[in-house]
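Readers should treat all values here as calculations from the given coordinates under stated rules, not as data from a laboratory. Model, not experiment: these values are computed from the prediction. Every residue, glycine among them, receives a Cβ derived from its backbone with ideal geometry; neighbour counts consider all protein chains shown.
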Amino acid sequence: MTGITQTANALPPEDYYLRAERVTKIYSDGTVALKSVDLEVRPREILGLLGENGAGKTTLTKILSGLLPPTKGRVISPRGPVKFASPREALQFGIGMVHQHFALVGTFNALENVALSHSRPFARLQLANTRKRVEELMQESGLDVPLDVPVEKLAVGEQQRVEILKVLSRDVDLLILDEPTSVLTPLEVDELFSLLRGLRDKGKAIILITHKLKEVGSVTDRIVILRRGESVGDVKTAQVTPGQLARLMVGETVEPVGRKAIELTEEELPRHEASRHMQHSEGAGILHVQALTVRADTREAAVKDLSFDVHGGEIFGIAGVEGNGQSELVEALTGLRKATQGVATINGTNVIGKDPREIYRLGVAHVPEDRWRLGLVLPFTLAENAILGVQRWEEFRGPLSFLRWRKINQHVRELMDRFGIQATGPSAPAKSLSGGNQQKLIVGRELAKDPAIVIASQPTRGLDIGAAQYIRNLLLEMRDNGRAILLVSADLDEVLALSDRIAIMYEGRFMAVAKPGDFDREKIGLLMGGVTAKEEA
Amino acid sequence: MSARDRAPDLRWRALKRRTLTGLNPAFESLLAGLAGLLIGAIVMAIWKYNPWKAYAAMFSGAFGDTFGIASSLARATPLILTALTFSICVRAGMFNIGAEGQVYVGALAAACVGYFSLPPGLHLIVGLAFAVVAGGLWSLGPAILKVTRGVNEVISTIMFNWISHFLGFYLVANIMVDRIHSERTVSVPPSARFPLLVRGTDLSYALFAAIAFAVVIYFILWHTVTGYEVRAAGLNPTAARYGGINSRRTMLLAFILGGMGAGLAGASMVMGQPPTFAITSGMGEVVNLGFDGMAVAMVGRNHPIGILFAALFFGGLTAGARAMQMRAGVPLDMVLLVEGIIVVALAIPELARVFRILEHRMVRFLRRRSA
């Protein structure tokens, strides 16, 4: 694989637009986002930036467009220093970015939105000038948008074209698109790509950030692959196969994920009503999902006709790039989102249409993907957070619905001891805890329910290795105690190391379900990128 | 680490400190109050009034003798209740501007005891029950609109305020009017009045009703599961949903509890404020109690115990204003200006906190819309 790393550097030195040299980025919390990355952006070329979640794609583009200073290394351009205080300055230099989430005023039409992006505070909108300019531009680029319709009435693909128009109207030379196809229909994707090819032929440099292998193969000229902050490949698109790309993207080594047992015995876990619903019989599907369809906020189907079972004593891992329906699946199973169709049962009881409290009563523990938004009430104390979801249990609720603070505080101290939560005490605000301790608090709270099934979504995201390892061990321990575990994680190594069975999710469907040993990493990478075995052949 | 992972961190960092300055809340309020006094003094000095004399008169008027203290406490009584109305809803994540109208309705309901007689004590209790139920029911309007149709409570409560405003005018002038004194409603009979606490003042046992209500609210919010759910839904609605909390229920409950407090405030004025024990046309007894309560709530940091002190402070300002005019010769407009400066200074820390939470929620709301 190292052979292709150096293939594409045979251009004359002045023929580049931007060049990143040995760029390293370490965030203030110590996260290493990029490690000594070299990258060249050239005019008349579509460059694909490929990588999994957290590979450093976004950080790299931010550094390239001068919005984020690198910790080490530099970004140079023949046209002057690449260092800007705002996207506005970057635009003036000639770098424009189209984000995944559009920044459009819904009630304004396309023209007004473009004019707005040019305006200074308190200045009048130059609508007449802008119309002339935009119409020229549309003719030149073949980009077609209805100018006089409020953009909220436009299709998503059209809205995206308004965003592109906004950027192009600033005469940019480098256009960066962040996952532009994630919101588009296949037809809109084709249109976007032919538009990008047209722009390239007119001399623009284009960077396309994506994780979809098919797309990157069909539209780019050159591909740079990032993995865990490192550039692991810089290849001509014509000279590489999807399989090679997949292998570069997911890597060949597995990060060691230990299985050291920890002190957490059956007797130590407090007994709650949930335990009555436990079924220890081997092989019984505790969670059974049948033909489940769930819509995202955008009304698009995010989970499509999905069926699977999770048994007691197994970890069923769902791998895949984020945004392929995993969140919607978990939300539907835990009562946070309505399912459009299908059935999901826990120990035989349908959970679709039930609210979270009823679902918890069936013996479900939910470690949510976003601990700040869902898992914790940050201004609340440790004690208050420790009873979120179980606040109505007899153990914590006295007569007249009075909270039994003494019992609750005792429970918190037990959680702190058992799960090693570092905090000054039960009355410490949750926001004063470190991320790792916050996550331990959530995991501890959920596991202390003595659940029949644990639904854990990104349980170790953003944690240091020690805390992540600890939480993984807890999940294994629960598995060994006969619980069913549904693990959703964007960290492929984590899913591979922990799961007894793995499903690869792509655009709302499972591409495959198998034992971890049955996949090689190239296969997984292909599946995550939406390429099935048949298509590859 | 992608940018998406770290964005919440930045957003939350602003919320990390418990108070604006990170100091103890009581100490912070003290500093804010001193700053307000200082600015007020500078303003007075600019217009050639002696700030020392003015403040000394204000303080002795408010707390210098029994009459002053009683008068301050009497002014504080309804403010404790209307401040609680606002605070309960802030804790539940809403801006309930409706205390004003709920006070009117409570006062009108309480005045109805003038139409029948009951044994002393029982008569009072029945009147209080009328007021509390009326206030609670009145708040159901905006609450149900909010819960079922998502109508913004700021808009609906302001509209309900106007409805109760004109309803009150109409009832006082046309229906409940006293046959002898046509400028006011029928009077609350002695059997339904709060006994006076200090003879010769207008301080009655209504003060204890207000304090008791504050204590009850404190226990509900911080020591019951219900209150826990109200606060959780107010601080983080999505996490509350995750925790199995029905935020419609908590919002409805907060509204009703608040309405009951405001109704009680209305009753405390009609049944506990000599000399008329009635509502005069123009409703001068009860007008602005709801709005002043919002300021009290802010100064008291939306906490029942803080509100007790803040209301006493407000009562003192009102009682001291008269002394400031009479003994220090400061004209009324200047007195109001200085008081306004002090109140704004005191409210800033809590305003900043509440607006930070609101802004945070607004940003998230807009992001969702655009996504």
Assertion target for A:Asp178, A:Asp148, ordered by fewest C-beta neighbours within 10 angstrom first, is A:Asp148, A:Asp178
Contact order relative to length for the range B:177-307, counting C-alpha pairs under 8 Å separated by 6 or more residues, stands in percent at 31
Rounded to the nearest 500, the 222 nm mean residue ellipticity computed for chain B from DSSP H runs (n ≥ 4, each -39500 (n - 2.57)) alone is -24500 deg cm²/dmol
About its Cα centre, chain A carries a charge dipole, from +1 on Lys and Arg Cβ atoms and -1 on Asp and Glu Cβ atoms, whose size in debye to the nearest 20 is 1240
With a Förster distance of 51 angstrom and the Cβ-Cβ distance between A:Asp15 and B:Leu140, calculated FRET efficiency to the nearest 0.05 equals 0.10
For the protein assembly as shown, the dipole about the Cα centre with charges only on Cβ (Lys and Arg +1, Asp and Glu -1), to the nearest 20 debye, works out at 1800
The rounded separation in angstrom of the Cα centers of the range B:154-192 and the range B:39-104 is 25
With bins of 10 Å, the percent of all Cα-Cα pairs of the range B:101-258 per bin from 0 is 10, 29, 32, 20, 8, 1, 0
The residues A:Leu329, A:Leu195, sorted from fewest to most surrounding Cβ atoms within 10 Å, come out as A:Leu195, A:Leu329
Per DSSP, the loop-located trypsin sites (Lys or Arg not before Pro) within the range A:92-176 having at most 11 other beta carbons within 10 Å are A:Arg124
The helix A:435-447 Cα axis meets the longest alpha-carbon principal axis of chain A at an angle in degrees, between 0 and 90 and rounded to 10, of 40
In chain B, whole DSSP H helices that both stretch 24 Å or further along their axis by alpha carbon positions and average at least -0.5 on the Kyte-Doolittle scale are B:25-46, B:66-91, B:122-149, B:153-170, B:206-223, B:247-272, B:304-328, B:332-370
Rounded to two decimals, the Rg over Rh value of the protein assembly as shown from Cα coordinates and the Kirkwood Rh reads 1.04
Here FRET efficiency (C-beta to C-beta, B:Thr66 to A:Arg88, R₀ 60 Å, nearest 0.05) is 0.35
For chain B, the charge dipole (Cβ of Lys, Arg +1; Cβ of Asp, Glu -1; about the Cα centre) points to a positive end, and the Cα of B:Thr148, B:Leu253, B:Val132 closest to that extreme belongs to B:Thr148
Any chymotrypsin sites (Phe, Trp or Tyr not before Pro) in the range A:365-426 that lie in a DSSP loop and have at most 14 other Cβ atoms within 10 Å would be none
In deg cm²/dmol, rounded to the nearest 500, the helical mean residue ellipticity at 222 nm of chain A, built from -39500 (n - 2.57) for every DSSP H run of length 4 or more, is -9000 deg cm²/dmol
Share (percent) of C-alpha pair distances in the range A:51-167 greater than 25 Å works out to 34
Quick calc, the range B:66-366, dipole around Cα centre from Cβ unit charges on Lys, Arg (+) and Asp, Glu (-), nearest 20 debye, gives 680
Filtered hits (aspartates and glutamates, Cα-Cα < 15 Å from A:Lys72, offset >= 8 within chain) -> A:Glu21, A:Asp38, A:Glu230
Checking rank on B:288-297, B:183-192, with mean other Cβ inside 10 Å and highest first, the result is B:288-297, B:183-192
When B:Lys146, A:Lys236 are arranged by how many other beta-carbons sit within 10 Å of their Cβ, fewest first, they go A:Lys236, B:Lys146
Log entry: pair-distance distribution for the range A:106-171, C-alpha pairs binned every 5 Å from zero, whole % per bin is 4, 19, 33, 26, 14, 4, 0
Per the charge dipole of the protein assembly as shown (beta-carbon charges, Lys/Arg positive, Asp/Glu negative, Cα centre), the residue among A:Thr237, B:Trp47, A:Asn409 reaching farthest to the positive end is B:Trp47
In whole angstrom, the spacing between the Cα centers of the range A:160-239 and the range B:216-255 equals 47
Convex hull around the C-alpha positions of the range B:240-332: the volume in Å³ per residue is 140
With a 29 Å threshold on alpha-carbon distance, the violating pairs from A:Lys83/A:Lys153; A:Lys153/A:Lys523; A:Lys214/A:Lys515 are A:Lys83/A:Lys153; A:Lys153/A:Lys523
Relative contact order of chain A (C-alpha contacts under 8 Å, at least 6 apart) in percent is 16
Filtered hits (lysines, Cα-Cα < 16 Å from A:Lys440, offset >= 8 within chain) -> A:Lys431, A:Lys449
Tilt, helix A:465-480 to longest principal axis of chain A (alpha-carbon atoms), in degrees rounded to tens, equals 50
Across all Cα atoms of chain A, Rg and the largest Cα-Cα distance (Dmax), in Å, are 25.5, 81
Of A:500-510, A:304-314, B:97-107, ordering from highest average Cβ density within 10 Å down gives B:97-107, A:500-510, A:304-314
Restricting to Cα pairs under 8 Å and 6 or more apart, the percent relative contact order of the range A:138-242 works out to 22
Kirkwood calc, chain B, C-alpha pairs only, radius in angstrom 21.6
Per 10 angstrom bin, beginning at 0 and ending with the bin that holds the maximum distance, the Cα pairs of the range B:176-258 fall in percents of 15, 27, 21, 19, 15, 3, 0
Rounded to the nearest whole number, the Stokes-Einstein translational diffusion coefficient of the range A:297-536 at 10 °C and 1.306 mPa s (Kirkwood radius, C-alpha pairs) in µm²/s is 85
Candidate cut points under trypsin sites (Lys or Arg not before Pro) in the range A:73-114, DSSP loop plus at most 11 other Cβ atoms within 10 Å of their own Cβ, are A:Arg79
